[in-house]
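What follows is one structure encoded as structure tokens, with my remarks underneath.
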Amino acid sequence: MRIPIAATGALLLLCGASALALGASGLAGHPPLDPALVRFAAGSPWFLPAAAGVAEILALAGQLWLVVQGRTVVHLRWPDLDPQTRAHARAAADVLVKTAKELPDVQDVRIRLTGTANRPRLVMHVTCAGDALLSEVYGELGAGPIERYRRALGMPDLKAIVRFRLAFPQQQKRPRVPHPETA
């Protein structure tokens, strides 16, 4: 989604820069439309209302697209669930985090229940030691804590997204020992 937005922004920036360049070059005194198009619009009474209608439809489509994007962002942050399910989710989340942190090589766990009422999902960020076998951690999470979380919420088909981050210990800087030939 970021690429189309960046491309649109670059295109608008290019249009604005070209308009500034045309204005600075002295072409600003000329009419923006071709005289043949002006004559056509004057001779066809339907042209301007049709052009305005197309512009309104495009503007409405853009506004609807923005509303859909806003809803998506809201549902990613705050699930559209009833208060009772949210309370069960909070209680089960504490247990899930606690049991997940007890797994070997797991250092930190953050979870969030997102999505809509029809399609909820569990997003889980797990920080593991740098030498951890992620496949084993993933298998233990799925078979244990995540499955118990699903049962506690009464959502056996709850989609779980697990994102791993490896934490490598800081390497200590050793004092530089000069080479015997250069000393």
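Throughout, read-outs are computed from the coordinates displayed, never taken from laboratory work. Everything numeric in this text was worked out from a predicted model, so none of it was measured.
Between LEU166 and CYS128, the built amide H atoms are under 5 Å apart, and every one of these is 5 or more places off in sequence or on another chain. Length gained on full extension, ALA143 to ILE57: 25.9 nm, using 0.36 nm per residue less the C-alpha separation.
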